[in-house]
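Working notes for the structure below.
The values are calculated or read from the model by the stated rules, or taken from the named source; none is laboratory data. All of these numbers come straight from a predicted model, not from anything done at the bench. Positions of Cβ are generated from backbone atoms using ideal geometry, with glycine treated the same way; all protein chains shown enter the neighbour counts. Quick note on the areas: whole protein, heavy atoms, side chains included, nothing else; ligands and nucleic acids left out. Shrake-Rupley method; radii C 1.70, N 1.55, O 1.52, S 1.80 Å.
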Amino acid sequence: MLGAFPAKKNAVSLSVVVPVYNEALSIGPFLARIEPVLKRMGVTYEILFCLDPSPDHSQEVIQEQINSNPHIKMILFSRRFGQPAATMAGILTCVGDTCVVMDVDLQDPPELIGTMYQKLHSDGCEVVYAKRRSRKGETLLKRVISYLGYKLINKLTDMQIPANTGDFRIMTRRVIEELRRLNESHGFLRGLVAYVGFKQACIEYDRDERSVGKGHYNRFTGSLKIGLNGLISFSSRPLQMMSILGAIIAGFSFLLGSWYVIQKLIGFDLTPGLSTTVLVVTFFSGVQLLCLGLMGEYVGRIYDEVKRRPLFIIDQVITHKGASVVKE
C-alpha cells in the first residue's frame, strides 16, 4: 500500500492509533484516561494521533501534549483524506509489536485495552476486536440501519465481518505486515482484517456516549458511505443480483404481454393504456437507473484502483524530538 513505511523491530510493545479530525476538546480527556491504563499495563507504548488538517485547534493541542510527553506522536496529512485513510496510515506507520485502533471521543473505553492485550497473548490470537453489547447515545434508526447493514454485508460477501463492531481492536505485527501487502485504494479496516484471517477473538463491552463535542457522522444513519464501501469492496454479488433482477423483470414483462395478446384474441377490450404505460415506464426507468448507479460504483472502484493513487499523503511526522517532513 502506498504511503506506508516498513516498521522496524524496536522496544515499543504497544502502539495506540487514534484518527483525529476537529477534536480539540476530546484530546485532553482522552489522554487523561488512557495514559494511566497504559502505565498500569507496564508496557512500552506510543500514542499516534493521525490528524486530518482541522479547522479547530486540534494540531496545537496535540503539539502541546507532544512537547511534554515523549510517548505521543502525530502524523499530519497534506489534506483531509478521511477517517479510514487516517486509520490505515497510523497502522502502517506505527512501530509497536502490537497495535490498538480506537477513536478519541471516549465512546470506546481505554480501560478495555488491558483486557484485550492480555487476551491477545494468553489465547494465542492475532486479533482481538471489541463487540458492542449496547450503544448509548445512538438513535433507534441508526441502530436498525447498522444491524441491517452488517446482515447485508455478511449475506452478500464471502467473509464474515463481526456485527456490532467498529475499528476498536488490537492486532499483532504479523497482521499489520499482511495489511501492508494489500493494495487497495479504499481501506475498510473491518473487512481487510477479516480478509487477512488468522485466529481472532472477541470481547464484548457497552459503548458509551461521546464525552464532549459532536460526532462527524449523521446521527440517524451513521456513515452509509463506509457501509457501501464494505459491501462493494468485498463482493460482486450485487452485480449478479442485477442479472437475476433483469431476468425476473423480463419474465414479468413477457407474462404481461402474453396477457394482452390473450385479451385481444378472445375479444376482450384491452385495458386502457395511459395509466398502464406511465406505470410501466416509470417502474422500468427506476430499475434501470438503480442498476446503472450500482454498476457505476463498481466502475468507479476499478477507476480508482487503476490510477493507483496513494490512500494518504503524509506532510509531517511530529515527535517529541521535533517535526520531520516526510519525503517519498
Just to confirm my filter: which strands (runs of 3 or more DSSP E) fall fully inside the range 80-182 and include at least 1 residues that are over 30 Å from residue 55 (Cα atoms), open to solvent by 10 Å² or more (accessible area, probe 1.4 Å) and at pLDDT below 80?
127-135
Do you know which residues across the range 28-70 are in contact (Cβ under 8 Å) with a residue 40 or more places away in the chain and open to solvent by 70 Å² or more (accessible area, probe 1.4 Å)?
33, 40, 67, 70
Number of the condition not met by residue 22 [criteria: (1) outside any loop (DSSP other than H, G, I, E, B); (2) under 23 Å from residue 109 (Cβ atoms); (3) touching an Asp or Glu at 6+ places or on another chain (Cβ under 8 Å)]:
(1)
Exactly one of 92, 14 is among the hydrophobic types (A, V, I, L, M, F, W, C), in contact with a Gly (Cβ under 6 Å, 6 or more places away or on another chain) and closer than 22 Å to residue 174 by Cα, and that residue is 14
